[in-house]
1. Where in chain B lies the longest segment free of trypsin sites (Lys or Arg not before Pro) that are both loop residues by DSSP (not H, G, I, E, B) and have at most 13 other Cβ atoms within 10 Å?
2. To the nearest 10 degrees, how steep is helix B:5-25 against the longest Cα principal axis of chain B, on a 0 to 90 scale?
3. Run through the stretch B:1-66 and list the GluC sites (Glu not before Pro) located in a DSSP loop whose Cβ has at most 12 other Cβ atoms within 10 Å.
4. Shortest first and in nm to one decimal, what separations exist between A:THR10 and its copies in the other chains, measuring from label points 7 Å along the Cα-to-beta-carbon line?
5. How far, in degrees from 0 to 90, does helix A:131-150 lean away from the longest principal axis of the Cα atoms of chain A, to the nearest 10?
6. Over chain B, what is the relative contact order in percent, taking alpha-carbon pairs closer than 8 angstrom and at least six residues apart?
7. Please get the size of the charge dipole for chain A, origin at its Cα centre, with Cβ charges of +1 on Lys and Arg and -1 on Asp and Glu, quoted in debye to the nearest 20.
8. Keeping to pairs on different chains or 8 or more places apart, tell me how many lysine pairs in the protein assembly as shown have Cα atoms under 22 Å apart.
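Throughout, read-outs are computed from the coordinates displayed, never taken from laboratory work. Just so it is clear, the model here is predicted, and its values are computed rather than measured. No Cβ is skipped: glycine too gets one built from the backbone with ideal geometry, and neighbour counts run over all protein chains shown.
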Protein chains: 2
Amino acid sequence: MAETAKALETSTRILDAAEVLFVEHGFDATSMRMITQSAGVNIAAVNYYFGSKDGLFKAVFERRAEPFARLTLQRLGELESRDTIPTAREITEAFVAGSAELGRDTSLGGLLFVRLMGRTFVEPHPILKESMPRRYGEVTRRYIAAYRRALPHLSEQEVHWRFHFLTSAMFNAFAGNNVLRLFMDQPLVNARDPILIARMLLPFIEAGLNAPAAT
Amino acid sequence: MAETAKALETSTRILDAAEVLFVEHGFDATSMRMITQSAGVNIAAVNYYFGSKDGLFKAVFERRAEPFARLTLQRLGELESRDTIPTAREITEAFVAGSAELGRDTSLGGLLFVRLMGRTFVEPHPILKESMPRRYGEVTRRYIAAYRRALPHLSEQEVHWRFHFLTSAMFNAFAGNNVLRLFMDQPLVNARDPILIARMLLPFIEAGLNAPAAT
DNA sequence: CTTGGTTTCAAACATCTGTTTGAAAAATTA
DNA sequence: TAATTTTTCAAACAGATGTTTGAAACCAAG
């Protein structure tokens, strides 16, 4: 099980197929046979390369986790290297830009990972219980710290609440988890263009963050 | 299979157990045996009363769908029976109050149904493809119409986008699908109290809705 | 060409899935 | 009480699940 060219080829074929299927149908509704069939690979290949279905899921996640964290942190770093305190708008732009950039980069799986995130919030797979805080603990802490500096009129708790709200809105927006798509026969809003989504999101979130504290 | 007292008793026992398990683990990860065991009922009872697992899921949904729609529409109706045009804040209060009231009413399953909704946005079960627009098409149309009157500076599209954002934030907030819970080791925000959630939500959403149109 | 490690493959593994059966038990009606 | 319907139950159904096996195929190095 060394890193030969062949091993890398088939293992990434499995990862690519599994990523799409996990995002589309969820972990439980995606069978080994669906994955291997879609990847054009023998059934035993998954256990050969990843040990188990759980191991494959973890590998699917880990492959995208670091690039996404890097994208998201990079922008914030640039912002904080200036001499002025970043505004809530600027911090949000940095945060949203991370997902938007990912969405345009097909070599990173496009929006698939963001959609996987959106799924994971609702249905957290136990296998990610450890890697999630490890990979995104710092990202979260640094963004919240930046927001706290930008929003001194809010308590720490309330900043956390608003971070909760904005991430819910953002991830679901990029993931296309549209309530209207489900409730109405022909929804007006059905765009998958990351730039448009970001443009619609920003004024909403900016104003929401800057709103006065709850009474 | 008539509506005897016994039939009603065991069928609601099944519904109660299934509701919790579907919300907790999702449709696919919940087996017939988990449901019947939790309900203290024979395996065959589900098929006897609901025909199939799909039929049970639909029944679980249908039981709560109407009360929730009624709660949500009632408040809006009161608002619109006045002689002044409701503000975005008031409309949002009506919308949020529906979920908050449901959350406090254990006889309606509390927040379980809202959490089921949150799941369904991410993972829409085909069995609901028809009942969702039928049950919530009117709710959605009327709320969006009210928002359009309150927000004349926004295009129809943009009102739809913001409705998308606010429902994402709201449902995930009530469902407790907290990003922080997943990303951080000890999240500050972990409340399940519907009143607190509503209080935190309102200023955020109000300001987001009233924000100027996207550039 | 041969050797030794890597990768593929069809077949089978035990276990779990949703569903059905037919008879026993319970409740209702006559 | 007797007849009839409704409800429960253990057992079995066929099919799908993730995983393992052991041999064949492949491949690069000696």
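1. B:1-81
2. Computed tilt is about 60 degrees.
3. Working: sites: B:GLU3, B:GLU9, B:GLU19, B:GLU24, B:GLU62; in loops: B:GLU3.
Counting only loop positions with at most 12 other Cβ atoms within 10 Å, the GluC sites (Glu not before Pro) in the stretch B:1-66 are B:GLU3.
4. The answer, with the shortest distance listed first, is 5.1 nm.
5. Its long axis makes an angle of about 10 degrees.
6. Working: 181 pairs, mean separation 42.5, N = 215.
The normalised contact order for chain B reaches 20 percent.
7. My answer is approximately 120 debye.
8. Numbers: A:LYS6/A:LYS53; A:LYS6/A:LYS58; A:LYS53/A:LYS129; A:LYS58/A:LYS129; B:LYS6/B:LYS53; B:LYS6/B:LYS58; B:LYS53/B:LYS129; B:LYS58/B:LYS129.
Within the protein assembly as shown, the lysine pair count is 8.
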